[in-house]
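Novice: Sharing a structure, written as structure tokens. Questions coming.
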Amino acid sequence: MALTALSALAAAAVFTAPAAATSYHNSISVQPYAHITPEGTITLSGTYVCADPSPAGAVQLMAVVVQDSVRLGANADEEPVCDGAVHEWQSHAKLAWTPDLHAGDADVEARLQRVNRAGGIMPKSVDTLAEDVHGAEVVDHR
């Protein structure tokens, strides 16, 4: 009897998938080019799909360009919309503190993240919902 109950419990645990694993799909992409404007701002862009099931946290989109020993990140210009549709995004960051970014090869990263707050301004945790990381070309228009 105890073995049967234990077997049934184990089967329920193995064959029950979390709702988020099958019901929600998030994705993000970043273009293989980053552009430096004549004013000294770098722009990254791409697309995302956010179908975040949880109202427990705010969703943000973070973009990063890495070149040589320089790493520059910025949030997207607009807050992500989590409606399951494909949306375009852009991120701009000034090169004032990172003037060593230049034309040439680099790596780009884009992350769709949920920031969970426990109260106050400090986040309790940050969960990555989707990520895209790959090589890119920095185009300098200065």
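The values are calculated or read from the model by the stated rules, or taken from the named source; none is laboratory data. Owing to the predicted nature of the structure, the values given are computational and were not obtained by experimental measurement. When we count neighbours, we look across all protein chains shown, and the Cβ atoms used for this are built from the backbone with ideal geometry, even at glycine. Heads up: the accessible areas ignore ligands, DNA and RNA and are worked out on the full protein's heavy atoms, side chains in. Shrake-Rupley method; radii C 1.70, N 1.55, O 1.52, S 1.80 Å.
Novice: With respect to Ala63, determine if the residue is part of a strand (DSSP E or B), closer than 17 Å to Ser29 by Cβ, out of contact with any Cys (no Cβ under 8 Å at 6 or more places or on another chain) and in contact (Cβ under 8 Å) with a residue 60 or more places away in the chain. Spell out the reasoning first.
Specialist: On the way: part of a strand (DSSP E or B): yes; closer than 17 Å to Ser29 by Cβ: yes; out of contact with any Cys (no Cβ under 8 Å at 6 or more places or on another chain): yes; in contact (Cβ under 8 Å) with a residue 60 or more places away in the chain: no.
So Ala63 fails the test.
Novice: Taking Pro80, is it in a loop (DSSP other than H, G, I, E, B), modelled with pLDDT of 90 or more and surrounded by 16 or more Cβ atoms within 10 Å (Cβ to Cβ)? Break it down stepwise before answering.
Specialist: Values: in a loop (DSSP other than H, G, I, E, B): yes; modelled with pLDDT of 90 or more: yes; surrounded by 16 or more Cβ atoms within 10 Å (Cβ to Cβ): yes.
Spelling it out, Pro80 is indeed in a loop (DSSP other than H, G, I, E, B), modelled with pLDDT of 90 or more and surrounded by 16 or more Cβ atoms within 10 Å (Cβ to Cβ).
Novice: Got at least one residue in the range 102-114 being over 15 Å from Gly46 (Cα atoms), basic (Lys, Arg) and surrounded by fewer than 16 Cβ atoms within 10 Å (Cβ to Cβ)? Steps first, please.
Specialist: Of the range 102-114, the ones over 15 Å from Gly46 (Cα atoms) are 102-106, 113-114.
So of that shortlist, the ones also basic (Lys, Arg) come out as 114.
From what's left, surrounded by fewer than 16 Cβ atoms within 10 Å (Cβ to Cβ): none.
Looking for residues that are over 15 Å from Gly46 (Cα atoms), basic (Lys, Arg) and surrounded by fewer than 16 Cβ atoms within 10 Å (Cβ to Cβ), one finds none in the range 102-114, hence no.
Novice: Among the residues of the range 117-142, count how many are touching a Gly at 6+ places or on another chain (Cβ under 9 Å), part of a strand (DSSP E or B) and open to solvent by 90 Å² or more (accessible area, probe 1.4 Å). Full working, then the answer.
Specialist: To start, the set of residues in the range 117-142 that are touching a Gly at 6+ places or on another chain (Cβ under 9 Å) comprises 117, 123-127, 132, 137-138, 140, 142.
Those left that are additionally part of a strand (DSSP E or B): 117, 123-127, 132, 137-138, 140.
Pick out the ones that are also open to solvent by 90 Å² or more (accessible area, probe 1.4 Å) and you get 117, 124.
Residues flagged as touching a Gly at 6+ places or on another chain (Cβ under 9 Å), part of a strand (DSSP E or B) and open to solvent by 90 Å² or more (accessible area, probe 1.4 Å) within the range 117-142 amount to 2.
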